[in-house]
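To keep things clear, I will list the structure first and then write my remarks on it.
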Amino acid sequence: MPFNRELPRPLTSETALPGRAGPITTAMRHAVNGRALKGPYPSGAATAIFGLGCFWGAERRFFALGDGIWITAVGYCGGLTPNPTYEEVCSERTGHAETVLVAFDPSILPFADLLRCFWEGHDPTQGLRQGNDIGPQYRSAIYCRDTEQERLALVSCESYARALQVRGFPAITTEIAIAGPFYFAEAYHQQYLAKNPHGYCGLGGTGIVCPPGDHW
């Protein structure tokens with residue numbers, strides 16, 4: 001699915017920033033519920049990764065779903081540079097998107113509900129930006145853990161695209177793919193808006209409701 005803005009240069013493993021062999025320092029525990037950020041997560045928990053603009057507001061949106069959410073964490077996914085820093089991602093030379101890792105209990109909160117939260121939480125038609133936040137790190141993306149998540153993401157995309165089309169919106173530019181490595185962001189980014197309630201959040205949805213899963 002093409003984006004509205006091309007990367008400033010084609011990135012390859014040779015031209016991307018080299019990164020580092022080990023992970024950067026992040027928080028040990030979730031700032032709100034105190035659970036271990038990197039797990040282990042409970043038996044039966046599932047995970048998925050979403051990019052919908054600046055990850056501060058995106059994380060708050062998923063954590064606000066409440067029951068069924070075990071943990072949320074922000075980080076970098078979808079690029080080439082191993083273990084990047086925030087500054088490196090913002091340089092547009094890693095290929096990563098700002099993303100949210102969601103660990104959830106699918107028996108309480110189905111993946112379809114996460115997808116509806118994703119589609120309604122931002123404008124998925126903007127390519128390499130989200131509102132005033134411009135750059136490939138702000139692109140819309142769903143990085144799936146398995147082929148069933150990927151199937152549901154694709155059919156939900158088709159359904160939401162139809163809902164947007166009748167309201168005059170352009171084509172959806174969301175990247176949907178099986179997830180590669182997720183790199184946890186620096187500690188100060190984790191649960192940023194819980195620690196800074198009046199901090200910046202540039203997310204804004206289209207105002208168009210995503211049809212429920214049984215309509216996909």
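Below is a table of values for the structure above.
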read-out	value
Which numbered condition GLY207 misses (of (1) crowded, with 17+ Cβ neighbours inside 10 Å; (2) farther than 28 Å from VAL89 by Cβ; (3) small (Gly, Ala, Ser))	(1)
Selected residue [under 16 Å from the mean Cα position of the chain (by Cα) and either within 22 Å of TYR200 (Cβ to Cβ) or in contact (Cβ under 8 Å) with a residue 24 or more places away in the chain (or both)] from LEU11, LEU65, LEU17, LEU80	LEU65
Residue match in the range 66-81 (condition: polar (S, T, N, Q), in a loop (DSSP other than H, G, I, E, B) and open to solvent by 60 Å² or more (accessible area, probe 1.4 Å))	no
Qualifying position, being surrounded by 12 or more Cβ atoms within 10 Å (Cβ to Cβ) and either under 30 Å from GLU148 (Cβ atoms) or at pLDDT 95 or above (or both), among GLY39, GLY34, GLY22	GLY39
Filter result for the condition that a residue is touching a Lys or Arg at 6+ places or on another chain (Cβ under 9 Å) and without any contact (Cβ under 8 Å) to a residue 24 or more places away in the chain, over TYR188, TYR138, TYR192	TYR188
Output for the range 166-216, where each listed residue is in contact with a helix residue (DSSP H, G or I) (Cβ under 8 Å, 6 or more places away or on another chain) and on the phi > 0 side of the Ramachandran plot	GLN191
Number of the condition not met by GLY95 [criteria: (1) among the small types (Gly, Ala, Ser); (2) under 21 Å from PRO181 (Cα atoms); (3) touching a strand residue (DSSP E or B) at 6+ places or on another chain (Cβ under 6 Å)]	(3)
Search result, residues across the range 90-100 that are among the acidic types (Asp, Glu) and either under 11 Å from the mean Cα position of the chain (by Cα) or assigned to a strand (DSSP E or B) (or both)	GLU98
Condition check for TRP56: assigned to a helix (DSSP H, G or I) and open to solvent by 30 Å² or more (accessible area, probe 1.4 Å)	yes
Matching residues in the range 157-204 - criterion: being within 30 Å of GLY34 (Cβ to Cβ), more than 15 Å from the chain's Cα centre (by Cα), surrounded by 14 or more Cβ atoms within 10 Å (Cβ to Cβ) and of a type in the set (Gly, Ala, Ser)	ALA187, ALA194
Among the residues listed as ASP133, ASP123, the single one being open to solvent by 10 Å² or more (accessible area, probe 1.4 Å), in contact (Cβ under 8 Å) with a residue 60 or more places away in the chain, within 13 Å of CYS210 (Cα to Cα) and among the charged types (D, E, K, R)	ASP123
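The values are calculated or read from the model by the stated rules, or taken from the named source; none is laboratory data. Computed from a prediction, not measured in an experiment: that's the story for all the values here. Backbone-built Cβ (ideal geometry, glycine too); neighbour counts: all protein chains shown. Each accessible area value is taken on the protein alone, full model and side chains, heavy atoms only, with ligands, DNA and RNA left out. Shrake-Rupley method; radii C 1.70, N 1.55, O 1.52, S 1.80 Å.
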